[in-house]
Amino acid sequence: MSTIQNISKKLLRAKGRCCKINIIVGISGASGAIYAIRLLEVLKSIPQVTTHLVMSKYAIKNIGIETDYSIERVVELANFTYDNGNLAARISSGSYITHATVIVPCSMKTLACISNGICDTLIARAADVALKESRKLIICPRETPLNSIHLENMLKLSKLGVKIIPPMPAFYNKPKSIEDILNHQAMKICDCLGIVNEIGRRWE
């Protein structure tokens, strides 16, 4: 992929002063792990951001099936990486300060666990912590077609303030490559995180 260009370093600010931002990135077993990889690449380019990566076992499998990235390379994109079964990890506690949790892509199983408070994995627990601590939670659900259970789970979370950003490509920007589509999704996530950016082409 080409070098990320024109990413602003204007970030979330607390009381007018720039703060270090801890962002959890969870990759579940849904198709579309490349969306998370692109997001990690963008966040790695921003010195003020520290990323905490959690991958499910099927996310690891899908990365091998769907992308040309090795797991080692993906791990290198994050500042810290945790086993999805390690519920004793620091990000499982609300006393460890994080600013946002992004689950991309989010499988329907992971969505259901979060929606119903089932914290059987670190990804689900990190999302639950974000909810209970009133921190930003972004979910990028990947499934089609969606049934009523999927939609009800998303509606329940949306009512709690969770941002639902499904990976739906735009065509007003005339994408010419998969990279353009990935950049658009990364742009939308970063917008929601409060990170000023010019990752993708915007509506003019």
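Observations on the structure shown:
- Against the conditions (1) in contact with a Gly (Cβ under 9 Å, 6 or more places away or on another chain); (2) among the polar types (S, T, N, Q); (3) surrounded by fewer than 21 Cβ atoms within 10 Å (Cβ to Cβ), Asn147 satisfies every one except (1).
- Any hit, segment 114-126, residues being in contact with a Lys or Arg (Cβ under 6 Å, 6 or more places away or on another chain), at pLDDT below 95 and not basic (Lys, Arg): no
- Filtered residues of segment 44-77 (kept if over 17 Å from the mean Cα position of the chain (by Cα) and of a type in the set (Phe, Trp, Tyr)): Tyr69
- The one condition from (1) of a type outside the set (Val, Ile, Thr); (2) surrounded by fewer than 22 Cβ atoms within 10 Å (Cβ to Cβ); (3) assigned to a loop (DSSP other than H, G, I, E, B); (4) modelled with pLDDT of 95 or more that Leu11 does not meet is (4).
- Single match in Ile195, Ile164 (criterion: out of contact with any strand residue (DSSP E or B) (no Cβ under 6 Å at 6 or more places or on another chain) and surrounded by 14 or more Cβ atoms within 10 Å (Cβ to Cβ)): Ile195
- So Asn197, is it at pLDDT below 95 and closer than 23 Å to Val49 by Cβ: yes
- Selection from segment 159-196 of residues that are in a loop (DSSP other than H, G, I, E, B) and among the small types (Gly, Ala, Ser): Gly161, Ala170, Ser177, Gly194
- Of the residues making up segment 33-64, those that are buried (at least 23 other Cβ atoms within 10 Å of the Cβ), touching a Gly at 6+ places or on another chain (Cβ under 9 Å) and part of a helix (DSSP H, G or I) number 2.
- Members of segment 83-106 that are surrounded by fewer than 23 Cβ atoms within 10 Å (Cβ to Cβ) and under 13 Å from the mean Cα position of the chain (by Cα): His99, Ala100
The values are calculated or read from the model by the stated rules, or taken from the named source; none is laboratory data. Just so you know, these numbers come straight off a predicted model, no measurement behind them. Neighbour counts are summed over all protein chains in view; Cβ atoms, including those assigned to glycine, are modelled from backbone coordinates with ideal geometry.
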